[in-house]
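Colleague: Quick one: this structure, given as structure tokens, is what I'll be asking you about.
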Amino acid sequence: MRFSLLGQWRESRLRGYTDAVLCEECLAGNEEAWSVLLERYQNLIYSIPLRFHFSADETAEIFQAVALDLFTGLEKLREREKLQHWLVAVARHRCIRYKERRQIEPLTEEETERALEQLPDDRRQAEAWMMEAEQEQVLREAIGRVSRRCQELIHHLFYTDPPPEYRELAERLGVAKNSIGFIRDRCLKKLRAALEGKGFEKRAVKAAGQDAGGGGAAHA
């Protein structure tokens, strides 16, 4: 079974339902409920393997595995109001196993329960984590809207630890060293516009610009 990514579902009256009610609908054989449930949590699930720096193909494969775990394991989930905790736990556990074995294998019931026990029982923390994951998804989509050179520069500045110095960055991009600051500012403006178009908080972009000015690349 393959599960669709990136929210291509029609409008549904079920979207206002709680997780517990959706779970009951799913178990009753309501396919629309499955679509709504996956749509609700796709960004959260998808963001976890990306945090582990998996490729797009690997991330999609892990997403499919977690979705299948949900499909096969939902009936055994006793506290359905903790569904998002369960999804985070299973996704993280799958990422760790995939990193070790580089293959997708079925999780045992004992493994999924153990993974869930490792997460704190704090709904506020889970909601905060989910909000952060959703913001990261918006950020990735916005980065995908800027030019390829801007994408590469943003990757080096914000996703490389430590970030390269200007001299090294200029060599990687094939540009003059003294043009990096100008290119960075222009790329951040484009990224800011893309983020604001998606309703992302402006202060996140402002903070990113400040980090870029004070990070390792600034010590050229």
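The values are calculated or read from the model by the stated rules, or taken from the named source; none is laboratory data. What you are looking at is a predicted structure, and each value in this text was computed from that prediction instead of being measured. All Cβ positions, even for glycine, are placed from backbone atoms using ideal geometry, and neighbour counts span all protein chains on display.
Colleague: Go through the range 62-79 and give me each residue that's touching a helix residue (DSSP H, G or I) at 6+ places or on another chain (Cβ under 8 Å) and either under 21 Å from Glu100 (Cα atoms) or outside any helix (DSSP H, G or I) (or both).
Modeller: Ile62, Phe63, Ala65, Val66, Ala67, Asp69, Leu77
Colleague: Out of Lys76, Lys82, I need the residue that is loosely packed, with under 13 Cβ neighbours inside 10 Å and touching a residue at least 12 places away in the same chain (Cβ under 8 Å). Which one? Before you say what the answer is, go through the steps one by one.
Modeller: Details: Lys82 fails: loosely packed, with under 13 Cβ neighbours inside 10 Å.
Step by step, each of Lys76, Lys82 is checked, and only Lys76 is loosely packed, with under 13 Cβ neighbours inside 10 Å and touching a residue at least 12 places away in the same chain (Cβ under 8 Å).
Colleague: Check whether at least one residue in the range 76-87 is modelled with pLDDT of 85 or more, under 14 Å from the mean Cα position of the chain (by Cα), within 14 Å of Tyr41 (Cβ to Cβ) and of a type outside the set (Phe, Trp, Tyr), and report yes or no.
Modeller: yes
Colleague: Separate question: Kindly establish whether Leu38 is within 18 Å of the chain's Cα centre (by Cα), crowded, with 20+ Cβ neighbours inside 10 Å and either of a type in the set (Phe, Trp, Tyr) or closer than 19 Å to Gln135 by Cα (or both).
Modeller: yes
Colleague: In this structure, is Ile96 β-branched (Val, Ile, Thr), under 22 Å from Glu136 (Cα atoms) and surrounded by fewer than 19 Cβ atoms within 10 Å (Cβ to Cβ)?
Modeller: Numbers: β-branched (Val, Ile, Thr): yes; under 22 Å from Glu136 (Cα atoms): yes; surrounded by fewer than 19 Cβ atoms within 10 Å (Cβ to Cβ): yes.
Yes; evaluated as a whole, the condition is true for this residue.
Colleague: Given the options Leu191, Leu195, name the one that is in the same structural domain as Arg149 (by TED's automatic domain parsing), surrounded by 15 or more Cβ atoms within 10 Å (Cβ to Cβ) and at pLDDT below 90.
Modeller: Leu195
Colleague: In the range 41-62, how many are in contact with a Cys (Cβ under 6 Å, 6 or more places away or on another chain) and surrounded by fewer than 21 Cβ atoms within 10 Å (Cβ to Cβ)?
Modeller: 1
Colleague: Hey, could you check the range 157-198 for residues that are in a loop (DSSP other than H, G, I, E, B) and of a type in the set (Val, Ile, Thr) and say which is farthest from Glu141 (Cα to Cα)? Lay out the reasoning, then the answer.
Modeller: Here is the first cut: in the range 157-198, the residues in a loop (DSSP other than H, G, I, E, B) are 159-165, 174-176, 198.
Cutting the leftovers down to of a type in the set (Val, Ile, Thr) gives us 160, 175.
Working: Thr160: 19, Val175: 26 Å.
Here the answer is Val175.
Colleague: Mind telling me which of the residues Leu119, Leu68 ends up being at pLDDT below 85 and either of a type in the set (A, V, I, L, M) or within 21 Å of Trp34 (Cβ to Cβ) (or both)? Spell out the reasoning first.
Modeller: Values: Leu68 fails: at pLDDT below 85.
Leu119 is the lone residue from the list that is at pLDDT below 85 and either of a type in the set (A, V, I, L, M) or within 21 Å of Trp34 (Cβ to Cβ) (or both).
Colleague: Does Arg15 satisfy being surrounded by fewer than 20 Cβ atoms within 10 Å (Cβ to Cβ), charged (D, E, K, R), touching a helix residue (DSSP H, G or I) at 6+ places or on another chain (Cβ under 7 Å) and modelled with pLDDT under 90?
Modeller: Values: surrounded by fewer than 20 Cβ atoms within 10 Å (Cβ to Cβ): yes; charged (D, E, K, R): yes; touching a helix residue (DSSP H, G or I) at 6+ places or on another chain (Cβ under 7 Å): yes; modelled with pLDDT under 90: yes.
In short, yes.
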